[in-house]
Amino acid sequence: MPPRRKLNEFERGRAVAWFQDGVPKREVARRLHVSISVIVRLIQRFTATGRVQERRRPGRPKKTTPREDRLIERLALQTRTASSSIIRRQLRVATNTNISQQTIPNRLHGFNLRSRCPTLRLRLPRLLQTSREVDTSAMVPGPV
């Protein structure tokens, strides 16, 4: 069985058109690389409602628009070391959209990206810092 994937609206329309032209459900599923159960449910929904669009899903609506999601992705790609709070501030300045700080990693996860936390460097004790300094007076210039 092929891996589970969603059909976009164009593919759903093609599947219904092929089925109405007499192509068997198994062949339609094979052509679109989906399980036959996907095609069966699609045909049942089409015969019941006359539509191929997906039903609305329950859950909280997204706070950001697709355009703002693309902006978040672009900001993360432009500044690879930007943390989510920096990206959030840049988004607020650009679009006047106030979102929670957790929304940024959630959106970036959808783009297979991650927000970066600036690396913290440990401060060496003063004694170790002086021992690591190079004595430049001992260096003799060589031939140029």
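Across the range 15-51, the number of residues qualifying as among the hydroxyl-bearing types (Ser, Thr, Tyr), free of Cβ contacts under 8 Å to residues at least 12 places away in the same chain and within 17 Å of residue 5 (Cβ to Cβ) comes to 1.
When residue 87 is tested against (1) buried (at least 17 other Cβ atoms within 10 Å of the Cβ); (2) free of Cβ contacts under 8 Å to residues at least 12 places away in the same chain; (3) of a type outside the set (D, E, K, R), only condition (2) is not met. Taken over the range 100-113, the criterion of being within 11 Å of residue 69 (Cβ to Cβ) and either over 8 Å from the mean Cα position of the chain (by Cα) or open to solvent by 50 Å² or more (accessible area, probe 1.4 Å) (or both) is satisfied by 103, 104, 106, 110, 111.
What are the residues in the range 20-42 that are within 21 Å of residue 55 (Cα to Cα) and buried (at least 17 other Cβ atoms within 10 Å of the Cβ), if any?
First pass over the range 20-42, keeping only residues within 21 Å of residue 55 (Cα to Cα): 29, 32, 34-42.
Of everything in the range 20-42, those that are within 21 Å of residue 55 (Cα to Cα) and buried (at least 17 other Cβ atoms within 10 Å of the Cβ) turn out to be 29, 32, 34, 38, 39, 42.
Selection of the range 68-101 for residues being in a helix (DSSP H, G or I), of a type in the set (Gly, Ala, Ser) and farther than 18 Å from residue 116 by Cβ yields only 94.
Scanning for something modelled with pLDDT of 90 or more and open to solvent by less than 70 Å² (accessible area, probe 1.4 Å), does the range 55-67 turn up at least one residue? Spell out the reasoning first.
Start the filter on the range 55-67 by keeping residues that are modelled with pLDDT of 90 or more, which leaves 64-67.
Now restrict to residues that are open to solvent by less than 70 Å² (accessible area, probe 1.4 Å): 64-65.
Yes; the residues of the range 55-67 include at least one that is modelled with pLDDT of 90 or more and open to solvent by less than 70 Å² (accessible area, probe 1.4 Å).
Rundown of residues vs (1) charged (D, E, K, R); (2) out of contact with any helix residue (DSSP H, G or I) (no Cβ under 8 Å at 6 or more places or on another chain); (3) at pLDDT 90 or above, yes/no style:
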| residue | (1), (2), (3) |
| --- | --- |
| 20 | no, yes, yes |
| 44 | no, yes, yes |
| 75 | no, no, yes |
| 81 | no, yes, no |
| 89 | yes, yes, yes |
| 94 | no, no, yes |
| 98 | no, no, yes |
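The values are calculated or read from the model by the stated rules, or taken from the named source; none is laboratory data. Everything quoted here is computed from the prediction, not taken from an experiment. Counting neighbours? That spans all protein chains shown, and the Cβs are built from the backbone with ideal geometry, glycine included. For accessibility, only protein heavy atoms count, side chains too; no ligands or nucleic acids. Shrake-Rupley method; radii C 1.70, N 1.55, O 1.52, S 1.80 Å.
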